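The structure under discussion appears below in the form of structure tokens.
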Amino acid sequence: MRMTVQSIHFNADKKLLNLIEKKVKKLDTFCDRVINGLVYLRLEKADDSANKITEIKLNLPGSTLFVKEQCRSFEEATDLAVETMCKQLKKHNRRIKNHVKEPAKEVISTLVQEQEY
């Protein structure tokens, strides 16, 4: 999977970028059909200390998954975003698996009905 990390309104250091790439690469274990991924790191101008935002966008064949998390640090926001994206990928895989099975059941039932005549 090709991964692009962009920091908006600040310059991210190499240590943070390496940590994020390492965590996001773990998403490959849940779905091998990911075309590419984008990670946006954004600083929001707010009085609150939880002004760090991590957004992850994964492009899959036929769909796009998106997660946005806001926390006190980019590391914490990335952890939450990766965890949420894992859940979305698992749900997406279940949908794809069930989508393939349902039409097959219909075809089998029509073939059985035709054979009975």
- Message: So, in the stretch 71-91, exactly how many residues are of a type in the set (S, T, N, Q), surrounded by 15 or more Cβ atoms within 10 Å (Cβ to Cβ) and farther than 14 Å from Val34 by Cα?
- Response: 2
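Collect the residues in the stretch 1-53 that are closer than 20 Å to His92 by Cβ and among the polar types (S, T, N, Q), keeping them in residue-number order.
Matches in the stretch 1-53: Thr29, Asn36.
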- For the stretch 39-66 the number of residues that are under 15 Å from the mean Cα position of the chain (by Cα) and not in a strand (DSSP E or B) is 2
- Only residues in the stretch 1-29 that are part of a helix (DSSP H, G or I) count as the first member; pair them with residues that are surrounded by 13 or more Cβ atoms within 10 Å (Cβ to Cβ) and of a type in the set (Ser, Thr, Tyr), Cβ under 9 angstrom, at least 6 apart or cross-chain, and list the lot. Leu16/Ser7; Leu16/Thr78; Leu17/Ser7; Leu19/Thr78; Ile20/Thr54; Ile20/Thr78; Lys23/Thr78; Val24/Thr78
- Query: For residues in the stretch 41-69 being at pLDDT 95 or above and among the acidic types (Asp, Glu), which is nearest to Leu27 (Cα to Cα)?
  - Reply: Glu55
- Item | Hey, Leu89 at pLDDT 85 or above, part of a strand (DSSP E or B) and either under 26 Å from Met1 (Cα atoms) or of a type in the set (Phe, Trp, Tyr) (or both) or not | no
- Item | Odd one out for Glu69 among (1) part of a strand (DSSP E or B); (2) touching a residue at least 60 places away in the same chain (Cβ under 8 Å) | (2)
- Note on the structure: Only unsatisfied item for Arg72, checking (1) modelled with pLDDT under 90; (2) farther than 20 Å from Met1 by Cα, is (1)
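The values are calculated or read from the model by the stated rules, or taken from the named source; none is laboratory data. All values reported here derive from a predicted model rather than from experimental measurement. Ideal geometry is used to build each Cβ from the backbone, glycine not excepted, and the neighbour counts take in all protein chains shown.
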